[in-house]
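K.L.:
The structure is given below, and queries will be raised subsequently.
Each value in this text was obtained by applying a stated rule to the coordinates, not by laboratory testing. Note that this is a predicted model, so its numbers are computed, not measured. Here the Cβ is made from the backbone with ideal geometry for all residues, glycine too, and neighbour counts use every protein chain on show.
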Amino acid sequence: MFASVQCQARRAEPLGFFVGIRRIWASLAGKDPRIFGFNTEVKHGDTVYQVQSEARPTEFLLETQVFVRGRYLGKRATSYAERAPDPFFTHKQKESMLRDQHRYVLDAIRDGRLEQVLDKRETPETLSAIKQLDLQWVNVDSVHINGALLLKIRVTEGRAPAPAAKLVSRVERPEREPIYCQAVCDHSGTAEMRVELDESALADSAILVQADFNGRTATRKFKFRKVDGR
C-alpha cells in the first residue's frame, strides 16, 4: 500500500532553483529547517549535464554533484566546519557560497573544464564503491489517469530498495504556480503521487522529483511527451 500524498500549489521559485527536500517537507508541516539547494541542467556539445548543489549541515559541507542521464560523474565539496561556530556566519552567507559554487561548476561545464573543478580524490575505484541513490519513473508509458497525473517513482540505493525514502515533487507549469507533492516510499522503495492536472497541460509541463534517504538526496527532472496514438 502506498503512503498518503499531500499536494499544494506554491509561489514559483526563481528559474533553475529547487528548494531542498527537507525544506519543502518541513514547510508543508509549518516548519523551516533552513535547508536549501540548486538544480540546473546545462548543455556542452551534445551532452546535457545535471548539476545538483545542496548544503549538508550534518557534515558542514556545501556539495555540488554532476550527473549525465542519472550517471554520477563526480562532485565538488567545500567545508564550512571552521566557520560554523561563528555566530556571525549566517544562513544567507552559506546560501551565497553554495550559489557561487554551483555557478562555478556550471561555467566550467560550458567551458569544457569540468574535470578540472571536480574533487581529484574521486577515482574510478572510489566511485564504483559508492552506493548511488537513484530515482526511476516506473509508469512512464501511462501517467494521466482519470483526469489526474499519476506518478509512480521507485527509489533505490546501490540498486537495493530504499524503504521509507521521502519524496517531494514539483510540477512546473508555464505562467502558473508550481504544484508540490510529498509522499513516503513503501517497503519496495516505491511511492505514488497523484496531482490534479488536465492532460492538455502536460505537453508544456515538467516535474522535478527529489528523494531523501538516510540523510542523502537525489534529484531528477522528467519532461512529458505525447505518445503517438493517444
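K.L.:
Amide H of Leu73 versus every other amide H placed in the peptide plane: which residues, excluding those fewer than 5 positions away on the same chain, fall under 5 Å?
P.N.:
Long-range HN contacts for Leu73: Val66, Phe67, Val68.
K.L.:
Next question, about the same structure. Could you work out the per residue convex hull volume over the alpha carbons of region 133-222, in cubic angstrom?
P.N.:
88 Å³
K.L.:
Which residues in region 99-120 place their backbone N less than 11 Å from a point set 7 Å from the Cα of His44 along the Cα-to-Cβ direction?
P.N.:
105-118
K.L.:
Under 1.5 on a/c is rounded, so check that first for region 33-92, then, if it is not, pick prolate when a/b is larger than b/c and oblate when it is not; a ≥ b ≥ c are the square roots of the alpha carbon gyration tensor eigenvalues. Could you put the intermediate results ahead of the total?
P.N.:
Numbers: a/c = 3.15, a/b = 2.58, b/c = 1.22.
Prolate, since a/c reaches 1.5 and a/b exceeds b/c.
K.L.:
Okay, next question. Taking 0.36 nm per residue of separation and subtracting the Cα-Cα distance, what length does fully extending Glu175 through Tyr104 add?
P.N.:
22.6 nm is the gain from fully extending Glu175 to Tyr104.
K.L.:
In whole Å, how far is the Cα centre of region 160-186 from that of region 44-73?
P.N.:
If you average the Cα positions of each part, the centres end up 19 Å apart.
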